[in-house]
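Some notes on the structure that comes next.
The values are calculated or read from the model by the stated rules, or taken from the named source; none is laboratory data. Because the structure is predicted, anything quoted here is derived from the model rather than measured. No Cβ is skipped: glycine too gets one built from the backbone with ideal geometry, and neighbour counts run over all protein chains shown. Note: accessible area is taken over every heavy atom of the protein model, side chains too, but ligands, DNA and RNA are not part of it. Shrake-Rupley method; radii C 1.70, N 1.55, O 1.52, S 1.80 Å.
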Amino acid sequence: MEHFEMKELKGKTAGKALIFLLLFVLLFQGANALLLPKNYALTSDWPASSNTEGVYRLEKNSLDLLILGSSKAYTAFVPQILYDEYGMRAYNLGTDLQSPHMSYYWLREALKRQSPKIVVLETSMFFPVITDQPLNTSEAMMRKAMDPMRWSFNKLHALWEIYRLDKTQNWKSYVFPNLRFHERWKEWNEDDFTLSELRVHNELLGWSPLMEKSGIDDFRPIHVEPLAASANFAPYMEMYLDRITALCRERSITLVLVTTPDTGASAATHRSMENYAKSNSLHFLDLNEQECYEAMGYDFAEDNADFEHPNVSGAQKLSRRLGEYLYSEYPVQGGQGSAWENGRTYYSHILDEWSLRGKTVPEHYCEALEELACTVFLAMDKNWADTVTPSVQAFLTRLGAEPEKAFWAVLENGVPVSAGTEKEAYGSFRSGRSRYEISTTQPCSIALDGREQAKEGKGISIVIYDSLRRRLIDSVCLQNGVIR
Amino acid sequence: MGLAFYTLQMLSYLIDIASGKINAEKNLARYALYISFFPQILQGPIPRWSELAPQLFEGHEIREKNLREGLQLVLWGFFLKWMIADKAAILVNTVFDRFPSYQGVYVLIAGILYSLQLYTDFLACVTLSQGIAQLFGISLADNFRHPYFSRSIREFWRRWHISLSRWLKDYVYIPLGGSRRGTAQKYRNLLLTFLISGLWHGGGLKFLIWGMMHAIYQIAASVIYAPRNRLYLALQMPEDSLPRRILSTLGTCFWVMLAWIIFRANSLSQGMEMLRSLVTVWNPWVLFDGSLLQLGLPGKEWNVLLVSLAILFAVSVLQTRLRLRDWINQQHLMIRWPIYLLAIFAIYFMGTYGEGFRAQDFIYGAF
């Protein structure tokens, strides 16, 4: 009897221990998810997490075209354009400073579930970029690409290669990310606690739209002289390019090497890639090369967000050029894809935001506000009517503004949800997650989450916030028929 | 390597045999197990044959209570090490390693934090040892009994590193004659005992001076005992009054801290300079102008450190009134488990470990 009771007691203890262990493992998983950096397309312009995790969520064998490369690739090529205009179901699997090592292992990973007919590989990382690192990329960028990869022999192999070639990296921290990231609790923000919301949004299929226009004015596309010297590849990069070439050949995939407009490219790098392409019977499209560049109508100052990444209009031009090239060289009979069909609305939303930034006439700007799927904040003092044109006056009157009275309003998707004539107003938006404070006393103030966002000036202050993408879209001041 | 602890353990075994207190163990395997019982070999506590050997040889079943209490101790050990000792070490190392850049109040803050770092670091290691031993059903003796609650240096040494203090008392101080042969002899014995204690901690002159300081503190306390008592009575502060208890506890902590500054300094001369700067450099504003946040420990880490110290204080106070592990064990699962999980994940997220930190070896492992 006593023996039986003892046995029962031990069984009970073991059961409790097991439940505790299960609970612990569950929480441990959650804790690790909380610790890892979040680079998702919804809230970041550098969406390595979305791009890598997203490839697992694509319908099996649904890809015609896979794009690999650095941020220059994922800011340049728009899968929606390639699908809508050229019938190719494309996915952009670029990540920040993606070295050919990472491209190779991500290609292997993608090919487990997909069988694309074409792989486009952006070439900037073949040449020295991070020269003090053995794999030509920084440890942080390597982590961005490798941490989201699911555990498999492929990942182990990739990590082994990292460890073999770069002894400064801590392989243990790839297995136990807390060793690398446990300090992140100090920078936790909304993204860290809304991971499930971030993960569902990958409508742009790897493309990241940059909204700035900050390219340099005196950019010159390259002109390759017949006797131009060639540049050296960074160490190990050619080895991985050879592996990518061999893998594509083995799977009967057409590999296309592509260079985007970039101040870092030169005739020498062009010559190297051209030589490599020729000797391996590959195709090489240099969008940086003068003839091609001019044919696209590319304007580096207008079409680039900085000295190396295209903005939305630049990406449209580059995607169309790539689409035309691929369509003429390797016509692909792609079918319908739900991911691309479903992404159209989101893509259109991005284009609306881009278009708004390009408006220079107040009337057009106000018209666009009525259509925009965003949260708009307006603030103006009692003299507002003196500073605007009649059509803008009409727009503001429709919202409830009256002459000789100060006015503020909050619009959701073009519709006023809150408005008044008080000097001070405050409230919340994004279902209570964010707060605003508005002052209609000159100079008007619009503070979102405690941060002033209104542009200085004596006109009508307008702040536009994309509540879905959690970011400020624009802040302007309408004054005397001018948008400032 | 833990050689210092190992050596004292061996010596106590041999002396006890020679004095007839215990019999020599004839079984080599048993002797080897006693002398190399792994949880305590690195940093003690320094066991006696009569306390540890019977537990080692009697055999133990795996029991839930032992496993639970062992893991509780391990968790507490990690808390002490990663939430307090290694966080405090960042600031302490900055001030001590970059002296004379930091003087005055910086030295005071570093001295206070080093006192806490050393305590929690050593306590962490001993607690981990106790926890691991407990998993096997073996209870190792406590090596600390809230030493910073002591009201005198003499009491401090009854609460700090208890196994070493007992060793020195039993094998050095008492054989020298202890306090039985007059005041002068007692003072001599104290000086010799603490000289040996200093030597045991390291070869540098600073350790000798540190040991001497503790001997001198006790001699001075003995010399001024009567006039000090008269002063307290004149101030209407009897022995057990709260103000006197606070004053004597803070006073003891202060003198101990001064000695720890010498102990931690990179050399004796640096230690003396640091002590001098406490009284010659006037810079109290560094407490308020954010300067303390520039010592390698950012604001959020400071918050974690201060909250952890508050937890340590609360636990220490509770431990003086009850056995906390018993209290936890009596609680319902729905209270116990959240406590465990909260502690585990607080350490997991906010502990000082991993990349970006130079892992701190256990300080007493170096002696």
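Note on the stretch A:221-275 and the stretch B:6-24: Cα centroid distance 76 Å, given to the nearest whole angstrom. For B:A314 and A:S152, the FRET efficiency from 1/(1 + (r/R0)^6), where r spans their Cβ atoms and R0 equals 51 Å, is about 0.60.
Which residues make up the longest stretch of chain B that has no GluC sites (Glu not before Pro) in a DSSP loop with at most 15 other Cβ atoms within 10 Å? Don't skip to the end; give the middle numbers.
Details: sites that count: B:E61, B:E239, B:E355.
For GluC sites (Glu not before Pro) (loop position, at most 15 other Cβ atoms within 10 Å), the longest site-free span of chain B is B:62-238.
Straight-line reach from B:K186: taking Cα to Cα under 16 Å and skipping same-chain neighbours fewer than 8 places apart, the lysines in range are B:K169. Modelled spin labels at B:I339 and B:R325, positioned 7 Å past Cα toward Cβ, are 1.3 nm from each other.
A simple spin-label model places pseudo-atoms 7 Å from Cα toward Cβ; at B:L287 and A:I19 they are separated by 5.0 nm.
Scaled against the 2.2 N^0.38 Å expected of a compact globular protein of N residues, the Cα radius of gyration of chain B reads 1.05. Helix screen, chain B: DSSP H segments with Cα axial length of 24 Å or more and mean Kyte-Doolittle hydropathy at least 1.0 are B:105-135, B:205-223, B:242-264, B:299-319, B:333-350. Quote the charge dipole size of the protein assembly as shown about the Cα centre in Debye, to the nearest 20; the model charges only the Cβ of Lys and Arg (+1) and of Asp and Glu (-1). Once rounded to the nearest 20, the dipole reads 5620 debye. Springs between alpha-carbon pairs under 10 angstrom, Gaussian network model over chain B: which of B:Y13, B:Y119, B:Y232 fluctuates most? The residue that fluctuates most here is B:Y232.
In the stretch B:164-222, taking the dipole from charged Cβ atoms about the Cα centre, the farthest positive-side position among B:Q218, B:S179, B:T193 is held by B:S179. Using a probe of 1.4 Å, the accessible surface attributed to B:W285 totals some 130 Å² when neighbouring protein chains are kept in position. Across A:M146, B:M213, the residue with the most accessible area heads the list, and the full order at a 1.4 Å probe is B:M213, A:M146. Average accessible surface for the stretch A:428-484: 44 Å² per residue, computed with a 1.4 Å probe over protein heavy atoms with every protein chain in place.
Dividing the convex hull volume of the alpha carbon atoms of chain A by its residue count gives 199 Å³ per residue.
Considering only B:F156, B:L333, B:I109, and ranking their Cα positions along the charge dipole of chain B that arises from unit charges at the beta-carbon of Lys, Arg, Asp and Glu, the one farthest toward the positive end is B:F156. When the other protein chains are added to the chain by itself, burial of at least 50 square angstrom of heavy-atom accessible area (probe 1.4 Å, ligands and nucleic acids ignored) affects these residues of the stretch B:49-86: B:E64. Report, for the protein assembly as shown, the % of DSSP beta bridges that are antiparallel, rounded to 5. Taking every DSSP beta bridge within the protein assembly as shown, about 70 percent pair in antiparallel fashion. Extension gain, A:R249 to A:S230, is 4.3 nm, computed as 0.36 nm per intervening residue step minus the present C-alpha separation.
Given a 1.4 Å probe and the protein chains as shown, A:Y104 ends up with an accessible area of around 20 Å². Spin-label model, A:E371 to A:E190: label points 7 Å out along the Cα-to-beta-carbon direction sit 2.7 nm apart.
Considering only B:L164, B:L205, B:L318, the Gaussian network model of chain B with Cα springs below 10 Å gives its largest mean-square fluctuation to B:L318.
Per-residue shielding of B:339-348, expressed as the average number of other chain Cβ atoms within 10 Å of the residue Cβ, stands at 3. The mean count of C-beta atoms from other chains within 10 Å of the C-beta of residues in A:379-386, rounded to a whole number, is 0.
Take the solvent-accessible surface of the protein heavy atoms, probe 1.4 Å, and return the percent of it on the stretch B:152-266 that carbon and sulfur atoms account for. Roughly 66 percent of what the probe reaches on the stretch B:152-266 is carbon or sulfur.
Which FRET efficiency value, to the nearest 0.05, is calculated for A:S214 and B:I15 with the Förster distance at 45 angstrom and r the Cβ-Cβ distance?
Details: r = 80 Å, r/R0 = 1.78.
Working from the Cβ atoms, E equals 0.05.
Take the alpha carbon gyration tensor of the protein assembly as shown, find the square roots of its eigenvalues, order them as a ≥ b ≥ c, and report rounded if a/c is under 1.5; if not, report prolate when a/b exceeds b/c, else oblate. Prolate. Comparing mean-square fluctuations of B:I15, B:I216, B:I84 from a GNM of chain B with C-alpha springs under 10 Å, the top value falls on B:I15. How would you classify the stretch B:197-310 from its alpha-carbon gyration tensor, with a ≥ b ≥ c the square roots of the eigenvalues: rounded for a/c under 1.5, else prolate if a/b is greater than b/c, otherwise oblate? In terms of gyration-tensor shape, oblate.
What does the C-alpha gyration tensor say about the overall shape of the stretch B:3-58? Classify as rounded when a/c is under 1.5, otherwise prolate if a/b is larger than b/c, or oblate. Here the stretch B:3-58 falls in the oblate category. Just report the Cα centroid separation between the stretch B:242-267 and the stretch B:182-220, whole Å. Here the answer is 17 Å between Cα centres.
For chain A, hydrophobic long helices are taken as DSSP H runs at least 30 Å long by C-alpha position along their axis with mean Kyte-Doolittle hydropathy of -1.0 or more; these are A:2-35.
Measuring against 23 Å, Cα to Cα, the residue pairs A:K38/B:K87; A:K167/B:K87; A:K112/A:K172; A:K144/B:K87; A:K382/A:K455 contain A:K38/B:K87; A:K167/B:K87; A:K112/A:K172; A:K144/B:K87 as the ones spanning a longer distance.
Hey, got the dipole for chain A? About the Cα centre, +1 on K and R Cβ, -1 on D and E Cβ, debye to the nearest 20?
Rounded to the nearest 20 debye, it is 1940 debye.
Pairing chain A with chain B buries about 2100 Å² of accessible area. This figure sums both sides and uses a 1.4 Å probe.
What whole-number value in Å² describes the accessible area per residue of the stretch B:152-266 for a 1.4 Å probe? On a per-residue basis, the stretch B:152-266 sits at 51 Å². Charges were assigned to the Cβ only: +1 to each Lys and Arg, -1 to each Asp and Glu. The resulting dipole of chain B about its Cα centre is roughly 1040 debye. Across peptide B:294-306, the mean count of Cβ atoms from other chains lying within 10 Å of each residue's own Cβ comes to 1. Rolled with a 1.4 Å probe across the full set of protein chains, the surface gives A:W160 an accessible area near 140 Å². The distance separating the Cα centre of the stretch A:276-293 from that of the stretch B:114-140 comes to 66 Å. Straightening the chain between A:M239 and A:S115 buys 42.3 nm, computed as 0.36 nm per residue apart minus the Cα-Cα spacing.
For the residues A:M273, A:M296, a 1.4 Å probe over the protein chains yields an accessible-area ranking, largest first, of A:M296, A:M273.
Ordered from highest to lowest accessible area with the whole protein assembly present and a 1.4 Å probe, B:T94, A:T254 read as A:T254, B:T94. Per-residue ellipticity at 222 nm from helix content only, as computed over the protein assembly as shown with -39500 (n - 2.57) for each DSSP H run of at least four residues, stands at -16000 deg cm²/dmol.
Amide H contacts for A:L135 (H built 1.01 Å from N in the peptide plane; partners 5 or more residues away or on another chain; cut-off under 5 Å): none found.
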